[in-house]
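The values are calculated or read from the model by the stated rules, or taken from the named source; none is laboratory data. Not measured: the values here are computed from a predicted model. Positions of Cβ are generated from backbone atoms using ideal geometry, with glycine treated the same way; all protein chains shown enter the neighbour counts.
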Amino acid sequence: MAEEKLIGKITHYFGKPGVGIIKLTDALKVGDTVHIKGHASDFTQPVSSMQIEHAVVNEGKAGDAVGIKVDQKVHEHDEVYKVTD
């Protein structure tokens, strides 16, 4: 059974590139799987790329605001969980 840990919240969504900004409360790396859940969102996807201030990074830590490409529209205040086996 996969476990989920709350690692942040969506603070912004850019529709054109399909990017969600996550304010992290814990570490997140490219390759991790996230579950984004909110009032109108509920989906799981792998993190394929990540940016901080438009610079490509492989991981973010608590306190960072990272942008990730999202498969579906996300909304402010959506919760972001890291899925672990």
Of everything in region 28-48, what is within 11 Å of Asn58 (Cβ to Cβ) and either under 11 Å from the mean Cα position of the chain (by Cα) or of a type in the set (Val, Ile, Thr) (or both)? Give them in sequence order. Leu28, Lys29, Val30, Asp32, Val47
Condition check for His77: part of a strand (DSSP E or B) and touching a residue at least 12 places away in the same chain (Cβ under 8 Å): no
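Would you be able to say whether some residue in region 21-37 is among the hydrophobic types (A, V, I, L, M, F, W, C) and at pLDDT below 95?
no
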Tally of residues being out of contact with any Phe, Trp or Tyr (no Cβ under 6 Å at 6 or more places or on another chain), surrounded by 15 or more Cβ atoms within 10 Å (Cβ to Cβ), assigned to a loop (DSSP other than H, G, I, E, B) and not charged (D, E, K, R) across region 26-74: 5
What are the residues in region 30-49 that are of a type outside the set (Gly, Ala, Ser), touching a residue at least 40 places away in the same chain (Cβ under 8 Å) and under 17 Å from Glu76 (Cα atoms), if any? Val34, His35, Ile36, Lys37
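When region 50-74 is examined, which residues are found to be farther than 13 Å from Ile22 by Cβ, touching a strand residue (DSSP E or B) at 6+ places or on another chain (Cβ under 9 Å) and free of Cβ contacts under 8 Å to residues at least 60 places away in the same chain?
If the condition is that a residue be farther than 13 Å from Ile22 by Cβ, touching a strand residue (DSSP E or B) at 6+ places or on another chain (Cβ under 9 Å) and free of Cβ contacts under 8 Å to residues at least 60 places away in the same chain, then Glu53, His54, Val56, Asn58, Asp71, Gln72 are the ones that fit.
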Could you grab me the full set of residues in region 2-25 that are at negative phi and in a loop (DSSP other than H, G, I, E, B)? Ala2, Gly15, Lys16, Pro17, Thr25
